1. Given a Förster radius of 25 Å and the C-beta distance between Leu5 and Leu25 as r, what FRET efficiency does 1/(1 + (r/R0)^6) yield to the nearest 0.05?
2. Among Met29, Ile18, Phe2, whose Cα projects farthest towards the positive end of the dipole of segment 1-42, with charges put on the beta-carbon of Lys, Arg (+1) and Asp, Glu (-1)?
3. Send over a whole-number figure in Å² for the accessible area per residue of segment 12-88, probe 1.4 Å.
4. Along the positive direction of the dipole of segment 32-84 (beta-carbon charges: Lys, Arg +1; Asp, Glu -1; about the Cα centre), which of Val74, His47, Gln62 reaches farthest?
5. Let me check something: with ligands and nucleic acids excluded, how do Val74, Val15 order by accessible area (1.4 Å probe), largest to smallest?
Amino acid sequence: MFIKLSVASVSGAVVYLIYTVNQTLRKGMGTLEETNKTLEEVRNAVHGLTHESKQLIHSANQITADVKGKMENVDPLLETAQDVGEMIHNVTHSMKEASLNDSKDRLSTPTAPPQAEAEGVQIKIK
């Protein structure tokens, strides 16, 4: 009788264990289905972002090419402006040197007092 009772309790425990494992597996399957759905949504989102990223890179490349072309068109203008600036600098430098040389010549040449001032008023002091 003791053996029958033991076998019955072991079989009840096995049935309960099978039931619990079954419930756990069902919950696990539900979680896996949700995970699969989430992964599918993530894949779709990544594909959408990939497509948008490719379009963005393509647009950036077009803008870069456009800017390079415009910079090439502006380069001669900037070179001309630089040349004009150098010419103005050279003219200014030449004028400054000429002015300094002229003022040195005036300082080094003695000037005689004008005759009118020399024959002007005479003051006698006693």
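1. Efficiency, from the Cβ-Cβ distance: 0.25.
2. Phe2
3. Each residue of segment 12-88 exposes 90 Å² on average to a 1.4 Å probe.
4. Farthest towards the positive pole: His47.
5. Largest accessible area first, the list is Val15, Val74.
The values are calculated or read from the model by the stated rules, or taken from the named source; none is laboratory data. Remember, predicted model here, so these are calculated numbers, not experimental data. In this analysis, Cβ positions are derived from the backbone assuming ideal geometry, glycine residues included, and neighbour counts consider all displayed protein chains. Side chains are part of the model used for accessible areas, which takes the heavy atoms of the whole protein and leaves out ligands, DNA and RNA. Shrake-Rupley method; radii C 1.70, N 1.55, O 1.52, S 1.80 Å.
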